[in-house]
Amino acid sequence: MSTATARPAESPSPLDVLFVDAALGPLHRFLPDMSTAKWAVSLARKPDITAQRLGELGTEAGRILTGNSTVAPHRGDRRFTDVAWTENPLLKRLVQLYLAGRHTAEQLLIDADLDTRDRERVRFLVENVAEAVAPSNVPLVNPVSTKAVIDTAGLSLVRGGKQLVKDLASAPRVPEMVDGSGFVLGDNIAATPGAVVFRTEVLELIQYAPQTVEVYEVPALVVPPTINKFYALDLAPERSLVEFGVQQGRQMFVISWRNPDSRHATWNLDSYIRAVLDALEAVEEITGSARTVLGGVCSGGILASMTAAYLSGIGRQDRLAALCLAVTVIDNHEAGTMSALVDERLANRAKAKSARQGYLDGRTLAEVFAWLRPGDLVWNYWVNNYLLGKRPPAFDILFWNSDTTRMTAALHADLVDLAMENTLTRPGALTVLGVPIDLGQITVDSYVIAGIADHITPWETCYRSAQLLGGTTRFVLSTSGHIAALVNPPGNPKASYHTNDDLTSDAKVWLKGSDLHQGTWWTDLGLWLDERCGQLRPAPEDLGSHRLTVLTDAPGTYVFDK
């Protein structure tokens, strides 16, 4: 991969932060920096406003101490649902003081004269510190913790202390989020029947066994993320997108990436796109189809879109029937809080560190993911695991999330540069396998799905990314988060999604003019694919082909690599 000389993007992307923090560790975010200093200087230059805010806090503190304050947690704040937080006068005042102090800190941030980058950096710090100092995180102060100590004669704190020591001993150094003891790959997770029909150093290609008498003649090849294992697409039975696909008559193929180590440090974007092309050739040979639906998820969506652009660049876009992208960010401009957290100095440090090791450790990336939502993914489990001494729940998505992989140093560097320079938004600024990449030349129809509550790939940036593609694009917004947007099986009464065929406006206007549909987008995707996957034909009796024979049953061998 190479990039043409061009101006860098005005702001880096979520990918920058994820990949940089995964190399350097997220804790440096909690240390005061130049943005914090600018905040302090700005407040010092506004002594009247600063004094006013502190005076308001003092006044409110007086009301709290005398029992006359109306400050209360939001109704949806799960930290303070126990009745003791409202009925015990000391605990009630403690919560009110905490909430009043947090409100003052947030107001002082609003009052400061900071640019977008500095404001978002300070907001990240303020929000994380505020979550950390919540009284609900303190043993014995939290009434639920106190009750657990009494009920277990102190064993809850003993169990919690042991678990804390265990969690701090190795990465990711955050509370354990899932009890994975009940999950077995190939049995009750990643269990859709199929077989590995093609293997290289980089990947295994899984073909799934048909579950219908007839199948559509055009197959689907899905490129999973390079920073986790593939089976987010094939979770528990009845919660598997792969299973749903084969039950709809799809010929489903999914890539399973090898978990690389230092021996594979030089595998870069070119290496992975070459691997996708190899898998595509295998799908064509096995099915006899001249066209394939190419799909990609998260960072796998970046690879899929670049592969489609490469095929367009060499005049072979006819090999694709359609392109499907899920929770994929291609346009990294102005990506919110995370876009403000990386600069060129940190990016270079991160690339140098992974280069020395030969890879980026997925466990530290999991730690970064957790600190992006500290309330839900850190302190919630802090209370459950350490204060209450309980085991975390058994949940398939969290089991997948904890089953991390490494990323090669070269791919890590390429993706950081890709995001920092936002090269995919500029035709010809990037070359892959010697071919200039222009996403606007992808003229096959595209289906793009995003999650409205996604904290990793914000839906607004996914929407802008969809606007880069040529051809006709259907953008769908699921009312869920990053992985929950993918794991969206039929039957969930709370599931819904937005659609709007007009992609010429900005994201907010698009959403305002969208139609809300009840149910899962899986069904919508199925109807969309029906129109692009050709005719029905008898399902194959055997997997693989004469040359590409079955190597092993799904989920394969690479998925077990640690």
Taking region 131-166, which residues are free of Cβ contacts under 8 Å to residues at least 60 places away in the same chain, open to solvent by less than 40 Å² (accessible area, probe 1.4 Å) and part of a helix (DSSP H, G or I)? Pro135, Val149
Candidates Thr557, Thr520, filtered to the one that is closer than 26 Å to Ala191 by Cβ and touching a Pro at 6+ places or on another chain (Cβ under 6 Å): Thr520
Qualifying position, being at pLDDT below 90, within 19 Å of the chain's Cα centre (by Cα), crowded, with 22+ Cβ neighbours inside 10 Å and in a helix (DSSP H, G or I), among Leu411, Leu415, Leu377: Leu415
Out of region 286-331, which residues are out of contact with any helix residue (DSSP H, G or I) (no Cβ under 8 Å at 6 or more places or on another chain) and surrounded by 24 or more Cβ atoms within 10 Å (Cβ to Cβ)? Cys298, Gly300, Gly301
Val448 - would you say it is surrounded by fewer than 24 Cβ atoms within 10 Å (Cβ to Cβ) and either under 26 Å from Ser312 (Cα atoms) or among the small types (Gly, Ala, Ser) (or both)? no
Being open to solvent by 10 Å² or more (accessible area, probe 1.4 Å), modelled with pLDDT of 85 or more, under 21 Å from Trp257 (Cβ atoms) and not small (Gly, Ala, Ser) is the filter here, so list the residues in region 338-364 that pass it. Gln357, Tyr359, Asp361
Quick one: how many residues across region 173-201 are open to solvent by 20 Å² or more (accessible area, probe 1.4 Å) and touching a residue at least 24 places away in the same chain (Cβ under 8 Å)? 17
Candidate set from region 471-487 (those that are open to solvent by 10 Å² or more (accessible area, probe 1.4 Å) and at pLDDT below 95); member that is nearest to Leu233 (Cα to Cα): Val487
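Output the residue which, of all residues in region 430-445 that are assigned to a loop (DSSP other than H, G, I, E, B) and closer than 23 Å to Cys324 by Cα, is most open to solvent (accessible area, probe 1.4 Å).
Thr443
Here is a yes/no grid of residues against (1) part of a strand (DSSP E or B); (2) surrounded by fewer than 21 Cβ atoms within 10 Å (Cβ to Cβ); (3) modelled with pLDDT of 95 or more:
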| residue | (1), (2), (3) |
| --- | --- |
| Leu205 | yes, no, yes |
| Pro210 | no, no, yes |
| Leu221 | yes, no, yes |
| Phe244 | no, no, yes |
| Ile255 | yes, no, yes |
| Arg263 | no, yes, yes |
| Tyr272 | no, no, yes |
| Val276 | no, no, yes |
| Ala282 | no, no, yes |
Restricting region 531-555 to residues that are outside any loop (DSSP other than H, G, I, E, B) and open to solvent by 50 Å² or more (accessible area, probe 1.4 Å), the one nearest to Thr443 (Cα to Cα) turns out to be Leu536
Quickly run through region 454-469 and pick out the residues that are open to solvent by 10 Å² or more (accessible area, probe 1.4 Å) and either free of Cβ contacts under 8 Å to residues at least 60 places away in the same chain or in a helix (DSSP H, G or I) (or both). Trp459, Glu460, Arg464
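Yes/no matrix, rows are residues, columns are (1) touching a helix residue (DSSP H, G or I) at 6+ places or on another chain (Cβ under 6 Å); (2) free of Cβ contacts under 8 Å to residues at least 60 places away in the same chain; (3) among the aromatic types (Phe, Trp, Tyr):
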{"position": "Glu87", "(1), (2), (3)": "no, yes, no"}
{"position": "Arg93", "(1), (2), (3)": "yes, yes, no"}
{"position": "His103", "(1), (2), (3)": "no, yes, no"}
{"position": "Glu106", "(1), (2), (3)": "no, yes, no"}
{"position": "Ile110", "(1), (2), (3)": "no, yes, no"}
{"position": "Asp113", "(1), (2), (3)": "yes, no, no"}
{"position": "Asp118", "(1), (2), (3)": "yes, no, no"}
{"position": "Arg121", "(1), (2), (3)": "yes, no, no"}
For region 249-275, the count of residues that are closer than 22 Å to Thr549 by Cβ, aliphatic (A, V, I, L, M) and out of contact with any Asp or Glu (no Cβ under 8 Å at 6 or more places or on another chain) equals 2
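The values are calculated or read from the model by the stated rules, or taken from the named source; none is laboratory data. Quick caveat, the model's predicted, so the values are computed rather than measured. Note: ideal-geometry Cβ built from the backbone for every residue, glycine included; neighbour counts use all protein chains shown. Just so you know, the surface numbers come from the protein's heavy atoms only, side chains and all, with ligands and any DNA or RNA stripped out. Shrake-Rupley method; radii C 1.70, N 1.55, O 1.52, S 1.80 Å.
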